[in-house]
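Read the figures in this text as sums done on the coordinates, not as results from a lab. Bear in mind that the values here come from a model prediction, so they are computed numbers and not experimental data. Heads up, the Cβs are rebuilt from the backbone with ideal geometry, glycines too, and the neighbour counts pull from every protein chain shown.
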Amino acid sequence: YVCIEVLALLLSGCGAREPQEPVETTPPQTAAFTRESKIKDVKNAPMFGSYGRLLFPVEDAYYSGDTLEELQLTYYSHIDPEVNPERTVEIVNYMKNQAESGNQIFYDIYSDEEKNADPEKADTGLFFFKGIPGEKFAICNAGGAFAYVGAMQDSFPHALELSQKGYNAFALIYRPGAQTACEDLARAIRF
């Protein structure tokens with residue numbers, strides 16, 4: 001019986017194969033972030049490039065904790081400690097997956113020349129949460145008392161929720177300060 005199977009395999013040409021078309025592959029996906037992921041590792045993750053530092057407040061003094069689970073932003077003590085880490089992990093994994101899939105998730109709102117003339121403009125931009133192409137859009141602005149931008153707990157969750165409902169949502173990272181924040185919002189709307 002075994003000899004018949006071997007003979008059948010030999011006669012079927014199992015060793016001779018037609019050339020195969022190259023198979024398109026997606027870039028290798030890195031492991032998902034977890035509650036135990038270090039904030040510094042998320043900020044420095046290669047898929048986020050130079051804008052990873054803007055995922056969390058630029059000034060380290062406005063947040064505490066070493067991991068996504070421990071993240072606490074100044075002025076955000078009312079956030080449910082049981083829900084917040086899971087939402088934070090969901091947000092950074094959404095962004096990671098989008099970036100690794102080749103989707104642009106960050107847009108500069110100022111040119112290099114403008115940023116060179118005013119270095120504070122380097123800490124601005126729009127994070128994009130993709131909805132249905134051509135659908136309405138929203139710009140979400142995080143709070144932080146004009147001292148810092150608390151996007152991870154204030155505008156990113158709203159932008160993600162809007163995108164899941166089909167809207168194209170942007171989360172603005174602005175220069176703290178009432179005047180500069182308004183200037184950056186105006187630039188973002190024009191963008």
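Out of all the residues in region 42-56, is one or more farther than 19 Å from residue 160 by Cα and not in a helix (DSSP H, G or I)? For region 42-56, residues farther than 19 Å from residue 160 by Cα and not in a helix (DSSP H, G or I): present.
On the given criteria, is residue 33 over 23 Å from residue 185 (Cα atoms), more than 10 Å from the chain's Cα centre (by Cα) and surrounded by 18 or more Cβ atoms within 10 Å (Cβ to Cβ)?
yes
Close Cβ contacts (under 9 Å, 6 or more residues apart or on different chains) running from residues in region 116-139 that are within 8 Å of residue 170 (Cα to Cα) to residues that are surrounded by fewer than 11 Cβ atoms within 10 Å (Cβ to Cβ) comprise 128/104.
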